[in-house]
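Structure, as structure tokens:
Coordinate-derived values only; no laboratory data. Every value quoted in this text rests on a predicted model; they were computed, and no experiment measured them. No Cβ is skipped: glycine too gets one built from the backbone with ideal geometry, and neighbour counts run over all protein chains shown.
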Amino acid sequence: TAAEMVERIEKFIVDFRQTLVDMSQKEYMEHLIGLAKNKLDMFNSLSEECDFFWGEIRDGRYDWDVNRNEVLMLRSLTKERVLQAYDEWLLPLSSKPGTPCTRRALVVQVVGGGGEKERQETAATTTTTAAASTTSDKASNDTASVAGERIDNSVKAFHKSVGNSTWGKIL
């Protein structure tokens, strides 16, 4: 379910901290060097290079050497600083008592239909509205109203399946 997925993500975030703690300094440096190499790779095509520069223009940054500048900043990044940032920005409040939390999470859950009964109701509605549209003399107006009815019925079925509760929950 959607709630279980959120719980698993939260558990991964908490558990992954231990992976960072257990990581040797050598392994950490290998990851850091790999990231630096990726950032310093040459563009593979003129199109890729053009997209990069237009992205800088579109975003209003105009930092033509952003990748090189980020690599220079990576040189000063220590494993301890990564753990400190991880604790401050990613860990849930409950996993670090007494520490101020700057983490915010927006969880958007899309919940599916309510099972076989709802599928049968939707199928019956679709059949009814399709039959109504074929017998209509005003095809264009009726087609729009049929589409509107189908949308309205789908929305009503969704609200019924979630017990008219809110769309989601912000943690």
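What to note about this one:
- Karplus-based coupling profile of the stretch 84-89, in residue order and whole Hz: 4, 5, 4, 5, 6, 10, with θ = phi - 60° in 6.51 cos²θ - 1.76 cosθ + 1.60 and x standing for Gly or Pro.
- Exposure proxy for 57, 13: other Cβ atoms within 10 Å of each Cβ, ordered fewest to most, give 57, 13.
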